[in-house]
1. Need the C-alpha centroid separation for the stretch 7-38 versus the stretch 61-90, integer Å.
2. When DSSP beta bridges are limited to those with both residues in the chain, what percentage is antiparallel, rounded to the nearest 5?
3. So, by mean Cβ neighbours within 10 angstrom, what's the order for 44-51, 13-20 with the highest one leading?
4. Only counting other Cβ atoms within 10 Å, I'd like 25, 79 sorted with the fewest neighbours first.
5. Run the quick spin-label model on residue 51 and residue 71: label points 7 Å from Cα toward the beta carbon, then report their separation in nm to one decimal.
6. Report, in deg cm²/dmol and to the nearest 500, the calculated mean residue ellipticity at 222 nm for the chain, where each DSSP H run with n ≥ 4 adds -39500 (n - 2.57) and the sum is divided by the residue count.
7. Inverting the mean 1/r over all pairs of different Cα atoms, compute the Kirkwood radius of the chain and quote it in Å.
8. If I model a spin label as a point 7 Å beyond the Cα along the Cα-Cβ vector, how far apart are those points for residue 25 and residue 82 in nm?
């Protein structure tokens, strides 16, 4: 359900920015925050980069930062490539 609220995903240089709009599935921001298990939503966005595929490895090599926010600009967290690597490897 979380992925269904993504309204925009862009890459600018080595930064990925993902915008969440819970209203897409008739949620408000407070409900989104209550129902999602992530305090830092950049971790959610970064999880596919942890996969052991060639595509994931290629993307990891191209990203320094993942930023997330609500459509109104409210930040939902960031993660650096270094911290993402630590998350992926435990």
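1. Cα centres, the stretch 7-38 to the stretch 61-90: 13 Å.
2. 65
3. 44-51, 13-20
4. By the 10 Å Cβ count, ascending: 25, 79.
5. In this crude label model, residue 51 to residue 71 measures out at 2.7 nm.
6. When only DSSP H runs of four or more count, the value is -8000 deg cm²/dmol.
7. Every distinct Cα pair counted, the radius reaches 13.4 Å.
8. Those two pseudo-labels are separated by 3.4 nm.
A short reminder: the numbers here are calculations on the coordinates, not readings from a lab. Note that the coordinates shown come from a computational prediction; the quantities given were computed from them, not determined experimentally. Quick reminder, even Gly has a Cβ in these numbers, built from the backbone with ideal geometry, and neighbours come from all protein chains shown.
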